[in-house]
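Engineer: Just passing along the structure, written as structure tokens.
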Amino acid sequence: MHKKSMGHFLCPVCGREYDSDEIIWKCTCGNFLDLIYHPEFKRRKIEQREKTLWRYFEALPVSEKSSTVSFKEGFTPILRSNLFGRDLFLKLEFLFPTGSFKDRGSSVMISKIKELRVKEIVEDSSGNAGASISAYSAKAKIKCHIFVPEGAPEPKLSQIQFYGAEIHRIRGSRDKIAEEARKFAKKLYYASHSWNPFFLHGTKTFAYEVCEQLGWRAPEAIIFPLGNGTLLLGSYIGFDELREIGIIEEIPRLIGVQSSACNPLFRAFHENLEKLPEIEVRKTIADGISVAKPVRWKQILKAVKETGGEIISVDEEEILEALKELGRNGLYVEPTSAVALAGLRKIEDREELLIPLTGSGLKLGERMKEFL
Ligand SMILES: [Zn+2]
């Protein structure tokens, strides 16, 4: 049988390369790594398979089918909708097993980690990624440590604890927590949703699904809530691969929306900055994208620019209005997910748009009352 190529790691800063079967999570220069991977697959073969994200097995960097850690997730529905008077597509990413799109990344990353025989991992997250990685670690019987900010929403912390992960509460900014997690990971494996390239090769399945569900074509533009950029970057990788294979001709315009309470990427994009600006983070109801220093910021800006996309900033009132508009249409999502819809109102072009609804409102429990 033809053995799948697993690609290789490349450091985007110093250019060093590594075998992708090495158990490493950073370059010797200290930077995160990318996975250079070129999938090969036949559409017809895929179309006959079960409707989960694992139907794209040939496009995923896992060698053996027996390594997959899966709850049969993915292939989330796409709805045609009309919100704020605009026709658009919605992809219901909150219907994943743990309630957010992060399961795409976790399923693929934890499968790879299982294949590499890693037994203990570390992650830092404000909630959704932590819950997701904990669930898949539980299924794979991998010991999992989650570093969380002190004020992280309680329902999400309970979810993480139910999956049996160990919680480490850290005081300070998100960046400080990430730093603590990396220190802790010195002797362990850092399974971070923002650092680990296998996670992005999971979120890229979003692009594959969108494309297949629309009849093997891409929409003109996609609007994402933007913090660490895990879904936007994964989509970029996915659409780029689909273009390389020859299934689509062009990558959609990738549009990111940030909360004005924390919008370093918005500023870097519009002010053409060479460095991320130092910003003072204010409190926002979109806590899932409150990231002052997204580690892959250069890649995010590149993906947005290259696809003719843009970065938009919205304020709390606008996010709240979008959240209510979704509710009025029977869609119960967390405020972070409403950010993309809030951004839609600032787009003039009458292009064909798709918005992922990334996380369930059920995850915030009683806290949703505050937004009524
Ligand atoms: Zn390097």
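The values are calculated or read from the model by the stated rules, or taken from the named source; none is laboratory data. Only a predicted model underlies this, so the values are computations on that prediction, with no experimental measurement involved. With ideal geometry, Cβ positions are generated from the backbone for all residues, glycine too; neighbour counts draw on all protein chains shown. Keep in mind that these areas ignore ligands, DNA and RNA; they rest on the heavy atoms of the full protein, side chains included. Shrake-Rupley method; radii C 1.70, N 1.55, O 1.52, S 1.80 Å.
Engineer: Of everything in region 59-87, what is touching a strand residue (DSSP E or B) at 6+ places or on another chain (Cβ under 8 Å) and open to solvent by 10 Å² or more (accessible area, probe 1.4 Å)? Give them in sequence order.
Structural biologist: Selection gives P77, I78, L79, R80, S81, N82, R86, D87.
Engineer: Sticking with this structure for a sec: Out of V281, V291, I need the residue that is at pLDDT below 95 and surrounded by fewer than 22 Cβ atoms within 10 Å (Cβ to Cβ). Which one?
Structural biologist: V281
Residue-wise test of (1) within 16 Å of the ligand (Cβ to nearest atom); (2) of a type in the set (G, A, S); (3) at pLDDT 95 or above.
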position: H8; (1), (2), (3): yes, no, yes
position: C11; (1), (2), (3): yes, no, yes
position: C14; (1), (2), (3): yes, no, yes
position: D19; (1), (2), (3): yes, no, yes
position: C27; (1), (2), (3): yes, no, yes
position: E40; (1), (2), (3): no, no, no
position: Q48; (1), (2), (3): no, no, no
position: F71; (1), (2), (3): no, no, yes
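Engineer: Pull up region 124-152, narrow it to residues that are within 19 Å of the chain's Cα centre (by Cα) and assigned to a loop (DSSP other than H, G, I, E, B), then point me to the one that is nearest to T358 (Cα to Cα).
Structural biologist: G127
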